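Below you'll find the structure, written out as structure tokens, and then a few comments.
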Amino acid sequence: MPWVNQDLCVGCSICVDECPVDAITEQENRKAVINDDLCIRCGKCHDLCPQDAVRHDSERIPQEIEANLTKTKDLLRYFETPQEQDQFCERMIRYFNKEKKVAEMTIDKIKDIKNVISK
Ligand code: SF4
Ligand code: SF4
């Protein structure tokens, strides 16, 4: 999912005007924001932005990991004993393993779709 680096965006509106599904809006400071729910991932905004302000999702991996860790540490305080805390960590590991499995299986299914398309 593309996102707009607010430090790089100069509010030129090019992406706002060119997005085929009106997924990009201009804020009060004129900088652009992308509505993830509307975006169809066409990549047009990324190609058009003169400031290179529209960034790839992969650049947010470190922040997302940090957010997951912050949340885990935050929830940990609800568990008092080392045993309860250990069990909680195990549940979080199971949760993220499930997320990983969902992502891996989804990727495999999309590859199947891609193979059918390219035939
Ligand atoms: S094209 Fe780039 S600089 Fe212009 S509004 Fe969109 S993100 Fe900002
Ligand atoms: S990727 Fe395409 S649909 Fe998504 S915000 Fe950019 S121009 Fe709009």
Item to check | Crossing angle, helix 82-117 versus the chain [Cα axis fit, 0-90 degrees, rounded to tens] | outcome: 40
Item to check | Convex hull volume per residue in cubic angstrom - Cα atoms of the range 8-70 | outcome: 106
Checklist outcome for this item: accessible surface per residue for the range 3-55, probe 1.4 Å, DNA/RNA/ligands not counted, whole Å² -> 63
Checklist entry - Taking the Cβ-Cβ separation of residue 92 and residue 40 as r and a Förster radius of 30 Å, what is the calculated FRET efficiency to the nearest 0.05? => result 0.40
Item to check | Whole-angstrom Cα spans of the chain along principal axes, big to small | outcome: 55, 47, 19
Checklist outcome for this item: Cβ-Cβ cut-off under 14 Å around residue 2, Lys and Arg +1, Asp and Glu -1: the net charge is -3
Checklist entry - Which whole-number value in Å² is the accessible area per residue of the range 63-117, probe 1.4 Å? => result 91
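Restricting to DSSP H runs of at least four residues, report the calculated mean residue ellipticity at 222 nm for the chain, -39500 (n - 2.57) per run over all residues, nearest 500 deg cm²/dmol.
-17000 deg cm²/dmol
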Checklist entry - What Cys residues in the chain are without a partner cysteine, judged by a Cβ distance under 4.7 Å? => result 9, 12, 19, 39, 42, 49, 89
Next on the checklist: To test your reading of the geometry: what angle, between 0 and 90 degrees and rounded to tens, separates the Cα axis of helix 61-76 from the longest principal axis of the chain?
Outcome noted: 30
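The values are calculated or read from the model by the stated rules, or taken from the named source; none is laboratory data. Values in this document were obtained by computation on a predicted structure and should not be read as measured data. FYI the Cβ positions are ideal-geometry reconstructions off the backbone, even for glycines, and counts take in every protein chain you see. Note: areas computed on protein heavy atoms with side chains; ligands, DNA, RNA excluded. Shrake-Rupley method; radii C 1.70, N 1.55, O 1.52, S 1.80 Å.
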